[in-house]
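The values are calculated or read from the model by the stated rules, or taken from the named source; none is laboratory data. Predicted model only: the values in this text are computed from it and were never measured. Quick reminder, even Gly has a Cβ in these numbers, built from the backbone with ideal geometry, and neighbours come from all protein chains shown. Surface areas here come from the heavy atoms of the whole protein model, side chains and all, with no ligands, DNA or RNA. Shrake-Rupley method; radii C 1.70, N 1.55, O 1.52, S 1.80 Å.
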Amino acid sequence: MTFKEQILQGIPKEIPAEQPYDTSINHAPKRKDILSKEEKQLAIRNALRYFDKEQHEVLAKDFAHELETYGRIYMYRYRPNYKMYARPIEEYPGKSEQAKAIMHMIQNNLDYAVAQHPHELITYGGNGAVFQNWAQYLLTMQYLAEMTDEQTLVMYSGHPMGLFPSHKEAPRVVVTNGMMIPNYSKQDDWEKFNALGVTQYGQMTAGSYMYIGPQGIVHGTTITVLNAGRKISKDGEGLAGKLFVTSGLGGMSGAQPKAGNIAGCVSVVAEVNPKATHTRHSQGWVDEVISDLDELTKRVLKAKENKEVVSIAYQGNIVDVWEHFDKAGVYIDLGSDQTSLHNPWAGGYYPVGVSFEEANEMMANEPELFKEKVQETLRRHAAAVNNHAAKGTYFFDYGNAFLLESSRAGADIFAENGRDFKYPSYVQDIMGPMCFDYGFGPFRWVCASADPEDLAKTDAIACEVLEEIKKKSPAEIQQQMEDNIRWIKGAQENKLVVGSQARILYADAEGRMKIAEAFNNAIAEGKIGTVVLGRDHHDVSGTDSPFRETSNIYDGSRFTADMAIHNVIGDSFRGATWVSIHNGGGVGWGEVINGGFGMVLDGSKEADTRLKRMLFWDVNNGIARRSWARNKEANFAIERAMEVEPNLKVTMPNTVEDHLLEDLF
């Protein structure tokens with residue numbers, strides 16, 4: 001059976017043979033045994049909904065085994081036997097070019113070179129899922145292959161609800177993930193309802209089909225490290241010979257050593273999972289691997305002395321690194337952490353002094369002891385960071401809930417006022433005021449032709465557009481423009497592509513619209529093939545996250561989620577090809593609401609209209625909210641936007657003199 005025939009088949013009529021458990025790839029850890037007997041029966045009943053009754057007797061036993069063995073029903077036997085990767089768009093069956101582009105993106109999210117746990121349909125973050133099980137994948141791909149531009153596919157936490165009559169200008173797909181009633185959004189609620197098969201954690205770009213491998217965060221991390229370096233620079237010097245210490249080499253965090261190299265520093269990234277370390281080393285994202293602390297110390301001191309640009313993976317626990325460097329007198333210039341602490345009890349963070357294998361056993365069989373060990377480790381971790389900070393280390397929270405979970409563990413991480421953390425979020429100090437408030441965020445595109453030559457052409461087009469915009473840009477955003485031009489010029493030589501032929505750069509509304517328009521014109525002229533536009537949810541407008549994306553909102557509204565909801569609704573009727581809204585993301589289930597989109601450019605006049613009316617809203621919605629919070633950079637940006645677009649009229653805040661409030665209460 002050909003690839004197209006398998007897609008059109010959907011869920012096979014006959015039960016496929018069991019497939020052996022492949023130990024050569026990275027698998028999700030066993031999930032917590034959290035369901036009662038009756039709930040386990042309900043989970044199996046829910047899973048069997050996808051199959052004919054005559055198959056239930058065989059499959060019920062199979063799914064019960066999976067639930068007992070792995071804590072979830074993945075339907076491994078239905079995993080397709082074709083290679084999973086983003087194929088050229090013409091290789092997909094279908095009646096809608098937009099739907100074919102979405103199939104391209106879904107398969108990229110599950111590519112073995114991209115996905116963290118591909119057989120469990122998890123792209124990154126330990127639990128960021130594209131689907132809950134393989135039946136959902138098969139049925140979704142079938143629907144996309146059948147649908148027309150007069151239909152919309154509704155996705156319900158991985159489950160394809162079905163095709164509904166729609167119209168050409170409506171989104172082809174609408175995605176929700178984990179949208180719980182607020183009182184049912186605790187960590188164990190995810191464990192329970194995911195095990196029941198009724199919801200999933202879509203992370204950010206995993207469940208919205210827009211992940212492009214670690215390249216997406218390489219750029220953000222590069223900008224973060226560069227600007228952190230500028231903050232600690234005493235005489236305008238760069239990062240040469242300076243040390244950046246952090247942890248995590250998984251899906252997202254695997255970008256850190258590559259970003260360190262581009263920024264020009266010495267970086268040490270600790271990772272407990274040998275498979276993750278091997279993957280990043282084999283892909284060239286980290287230069288060296290060391291598992292001995294004394295050897296690591298010598299290597300780092302030599303690299304600092306010689307001002308090398310080198311990235312080193314430490315195979316082991318990050319706490320050991322912080323503590324050992326403290327005793328050995330190794331000065332750390334920049335420090336952070338990017339383990340998946342949004343998911344602390346299910347593989348996102350590992351206790352020190354316990355082997356990786358032992359920790360996985362403890363996680364599944366002794367969850368309370370595992371939690372105790374993790375919290376003990378967080379207290380040690382924070383204490384070691386404090387020791388280095390006292391010597392001058394600039395430590396920033398990288399939005400992974402490290403400080404949040406450390407506070408819950410009783411670690412010493414609060415400032416003197418007892419409310420704020422000792423260390424700023426990188427959004428508070430860097431990305432918020434320097435990028436998001438000005439409207440700059442992670443704009444990205446994917447060449448659906450899967451042709452590297454198309455990517456090279458789009459790089460050149462984007463660079464030309466940015467250089468032209470920079471000539472007329474105000475002084476306030478010259479640095480952002482320069483950083484992105486430098487980034488796109490070096491994109492090819494840095495070999496950032498993993499999976500789809502994709503690129504990311506930080507751009508404001510003007511940059512996004514002009515780049516997209518130039519792409520659409522190039523497609524119309526036959527110079528390049530179809531392009532998919534998107535962005536990370538970690539952006540100006542798409543995400544309400546009080547400990548990350550909106551941590552520099554100080555008017556009390558950072559715990560509200562109106563902006564993310566407005567964003568996805570507005571994108572829907574302004575021309576997005578697909579939209580998504582999720583509970584959870586990089587900082588955890590119940591801690592954030594985030595939305596994303598995808599837009600297909602096909603060279604048509606309709607695409608040109610859609611990109612202009614949607615991209616303007618997608619950015620300026622967030623700037624307006626940030627402006628209302630009295631962020632001066634956002635005030636500047638939204639006033640500039642109103643000058644450009646006469647139909648934009650935003651309510652501006654009046655500021656209050658501090659002395660008027662001092663004696664009121």
In Å², nearest 10: area of LEU139 left accessible to a 1.4 Å probe: 30 Å²
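Among 455-464, 126-135, how do they line up from the highest to the lowest mean number of other beta-carbon atoms within 10 Å? Don't skip to the end; give the middle numbers.
Details: 455-464: 18.7, 126-135: 26.7.
Result, highest mean first: 126-135, 455-464.
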Within the accessible area of region 447-601 (1.4 Å probe), percent carbon and sulfur: 51 percent
Solvent accessible area, Å² - CYS435, 1.4 Å probe, full protein context: 10 Å²
Projected-area mean, region 303-427, by convex hull of Cα positions, square nanometres: 8.4 nm²
Radius of gyration and maximum dimension Dmax of the chain, Cα, Å: 24.1, 79
Spatial extent of region 136-211: Rg and Dmax, with the Cα atoms as the point set, Å: 13.8, 41
Fraction of beta bridges assigned by DSSP in the chain that are antiparallel (%, nearest 5): 55 percent
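Counting only protein chains, not ligands or nucleic acids, how are ARG79, ARG640, ARG230 ordered by accessible area (probe 1.4 Å), most first? Intermediate results must be reported in sequence, preceding the final value.
Values: ARG79 40, ARG640 65, ARG230 95 Å².
The residues order as ARG230, ARG640, ARG79, largest area first.
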Karplus-derived 3J(HN,Hα), 6.51/-1.76/1.60, for each residue of region 412-422, Hz, glycine and proline x: 7, 10, 8, 6, 4, 6, x, 10, 8, 7, 4
Lysine-lysine proximity count for region 139-296, Cα under 26 Å, sequence distance 8 or more or distinct chains: 6
Pairwise label distance in nanometres, LYS371 with GLN41, each label 7 Å out on the Cα-Cβ vector: 2.8 nm
Dipole of the chain, positive direction: furthest Cα of VAL465, LEU660, PRO20, with charges on the beta-carbon: VAL465
Residue-span extension gain [ILE569 to THR23] - 0.36 nm each, minus C-alpha spacing: 192.3 nm
Residue-wise HN-Hα coupling along region 444-452, computed from phi with Karplus coefficients 6.51, -1.76, 1.60 (Hz; x: Gly, Pro): 9, 9, 10, 7, 5, 6, 6, 9, x
Cα point-scatterer Debye curve for region 461-545, base-10 log of I(q)/I(0) at q = 0.14 Å⁻¹: -0.55
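Suppose every Lys and Arg Cβ carries +1 and every Asp and Glu Cβ carries -1, with no other charges. What dipole size does region 470-538 come out with about its Cα centre, to the nearest 20 debye?
Working: 11 positive and 9 negative charges, 36 e Å.
Dipole of region 470-538, to the nearest 20 debye: 180 debye.
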LEU660 versus ARG408: modelled label distance in nm, points set 7 Å from Cα along the beta carbon direction: 4.0 nm
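Hey, can you find the accessible area per residue of the chain for me, probe 1.4 Å, expressed in square angstrom?
Numbers: 25880 Å² over 665 residues.
Using a 1.4 Å probe on heavy atoms only, each residue of the chain averages 39 Å².
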Derived scalar couplings ³J(HN,Hα) [region 51-57; Karplus, 6.51 cos²θ - 1.76 cosθ + 1.60; whole Hz; x for Gly, Pro]: 10, 4, 4, 5, 9, 5, 4
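Please give the net charge around PRO214, taking every other residue with its beta carbon less than 14 angstrom from that of PRO214, where Lys and Arg add +1 and Asp and Glu add -1.
On the way: positive: LYS258, ARG280, ARG444, LYS495, ARG503; negative: ASP111, GLU271, ASP536.
Residues near PRO214 contribute +2 overall.
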Helical mean residue ellipticity (222 nm; -39500 (n - 2.57) per DSSP H run of 4+; nearest 500) of the chain: -13000 deg cm²/dmol
Cα-based equivalent ellipsoid of region 411-507: semi-axis lengths in Å, sorted from largest, via gyration tensor: 33, 19, 10
Euclidean distance of C-alpha centroids, region 156-171 and region 80-111, integer Å: 18 Å
Accessible area of SER425 in the full protein assembly, 1.4 Å probe (Å², nearest 10): 10 Å²
Selection of trypsin sites (Lys or Arg not before Pro), region 1-102, meeting DSSP coil and at most 12 other Cβ within 10 Å: LYS13, LYS83
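Could you work out the local net charge near THR458, counting Lys and Arg as +1, Asp and Glu as -1, over the other residues with Cβ closer than 12 Å to its Cβ?
On the way: positive: ARG444, LYS457, ARG503, LYS527; negative: ASP451, GLU453, ASP454, ASP459, GLU464.
Net charge in that neighbourhood comes out at -1.
Sort LYS242, LYS471, LYS327 by heavy-atom solvent-accessible area, probe 1.4 angstrom, most to least. Intermediate values should be presented prior to the final figure.
Values: LYS242 30, LYS471 150, LYS327 180 Å².
The ordering from most to least exposed comes out as LYS327, LYS471, LYS242.
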Largest to smallest accessible area among GLU493, GLU357 [probe 1.4 Å]: GLU493, GLU357
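Of all chymotrypsin sites (Phe, Trp or Tyr not before Pro) in region 537-582, which ones are in loop regions per DSSP and have a Cβ with at most 12 other Cβ atoms within 10 Å? Walk me through the numbers before you get to the answer.
On the way: sites: PHE547, TYR554, PHE559, PHE573, TRP578; in loops: PHE547, TYR554, PHE559.
Hits after loop and neighbour filter: TYR554, PHE559.
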Surrounding net charge for TYR74, when Lys and Arg each add one and Asp and Glu each subtract one, Cβ distance under 14 Å: -1
Selection from VAL286, PRO452, ASN343 lying farthest towards where the dipole of the chain points positive, charges on Cβ: PRO452
Per-pair calculated FRET efficiency, R0 = 25 Å: ARG230 and ALA389 via Cβ, rounded to 0.05: 0.85
Magnitude of the charge dipole, region 544-665, Cβ model with Lys/Arg +1 and Asp/Glu -1, debye to 20: 460 debye
Unit charges at the beta carbon, dipole of the chain: most positive-side option, PHE370, TYR70, PRO171: PRO171
Given charges at beta-carbon only (K, R positive; D, E negative), |dipole| of the chain in Debye: 560 debye
